[in-house]
Each structure stands twice: as C-alpha cells, then as structure tokens.
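Okay, structure first, notes after.
The values are calculated or read from the model by the stated rules, or taken from the named source; none is laboratory data. All values reported here derive from a predicted model rather than from experimental measurement. Note that we place each Cβ from the backbone using ideal geometry, even for glycine, and neighbour counts take in every protein chain shown.
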C-alpha cells in the first residue's frame with residue numbers, strides 16, 4: 001500500500017480516536033455535557049468506518065448514516081453485519097441533541113452505552129487494519 005493511502009487511513013483513525021476521547025472527557029467532566037458526548041460517539045464510529053472504506057478503496061458519501069456505511073463494509077467483511085445495532089443506536093446522535101427540543105440531553109446510562117459501542121467499533125475496525133497502518137499509528 002502506498003504511503004499516501006496509509007496516511008489517509010491513519011488520519012481517519014486518529015480523528016476517530018480524538019472523537020471518542022472527547023466523548024469520554026465531556027461525559028466525565030465536573031460539569032458533564034452528555035448531549036455533546038453522544039454526538040462525538042457517533043462521529044468516532046463514522047470516522048472509523050470511513051477509515052475501513054478508505055482501506056478498501058471504496059468511495060463514500062458525506063453521510064452521518066452509520067447503517068449506510070456498514071452496508072458498504074459488509075461486502076468486504078461479513079462480520080460488519082454484527083454492527084447494525086450500533087448503527088441503530090448511534091446514528092440518531094448525529095443530530096438528536098444538537099438543537100433545542102423537548103429533550104436536551106440523553107440519560108447518563110445511554111451515554112455510557114454510546115461510549116462502549118464507539119470504543120468497540122473503533123477496536124473492531126483497527127483489528128482489521130494491515131500492519132503498515134497499525135505501525136503508522138504507533139509512531
């Protein structure tokens with residue numbers, strides 16, 4: 001794999017890592033911001049899936065629909081099918097709490113679940129990366 005492609009994949013994964021790190025900090029702060037934390041969980045998964053699609057040279061649209069991204073991953077690795085529940089839970093967080101409405105924040109238990117799910121998907125995708133991508137992330 002050429003260096004430019006490794007770098008692009010690495011950038012997606014780093015952004016996913018930053019999003020999950022932001023979610024954790026926002027959820028655990030002295031004054032937690034649960035609405036923003038779940039948004040970052042959705043974003044982390046979106047970016048991890050886009051890293052995988054980049055690995056597979058598969059173009060993707062600028063969408064926040066995790067189900068659509070998972071559908072694009074399944075032809076390359078059928079185990080992505082097991083992430084459908086994650087997509088159902090996390091996709092709405094791209095917009096659900098971003099604007100004023102009836103409910104301003106998710107429950108703390110939903111935030112904890114979102115963080116667990118996002119961490120799982122990031123690790124799931126990372127485990128499917130070739131050594132050259134994994135090695136680039138260590139440096």
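Some values worked out for this structure:
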{"quantity": "Selected residue (only one of 83, 26, 104 is in contact with a helix residue (DSSP H, G or I) (Cβ under 9 Å, 6 or more places away or on another chain), more than 20 Å from residue 6 (Cα to Cα) and not in a helix (DSSP H, G or I))", "calculated": "104"}
{"quantity": "Condition broken by residue 105, with the remaining ones in (1) without any contact (Cβ under 8 Å) to a residue 40 or more places away in the chain; (2) surrounded by fewer than 17 Cβ atoms within 10 Å (Cβ to Cβ) satisfied", "calculated": "(1)"}
{"quantity": "Test: residue 61 is in contact with a helix residue (DSSP H, G or I) (Cβ under 9 Å, 6 or more places away or on another chain) and not in a loop (DSSP other than H, G, I, E, B)", "calculated": "no"}
{"quantity": "Residue match in the range 39-51 (condition: touching a helix residue (DSSP H, G or I) at 6+ places or on another chain (Cβ under 8 Å), at pLDDT 95 or above, more than 29 Å from residue 136 (Cα to Cα) and assigned to a helix (DSSP H, G or I))", "calculated": "no"}
{"quantity": "Boolean, residue 76 is in a helix (DSSP H, G or I), farther than 19 Å from residue 19 by Cβ and free of Cβ contacts under 8 Å to residues at least 60 places away in the same chain", "calculated": "no"}
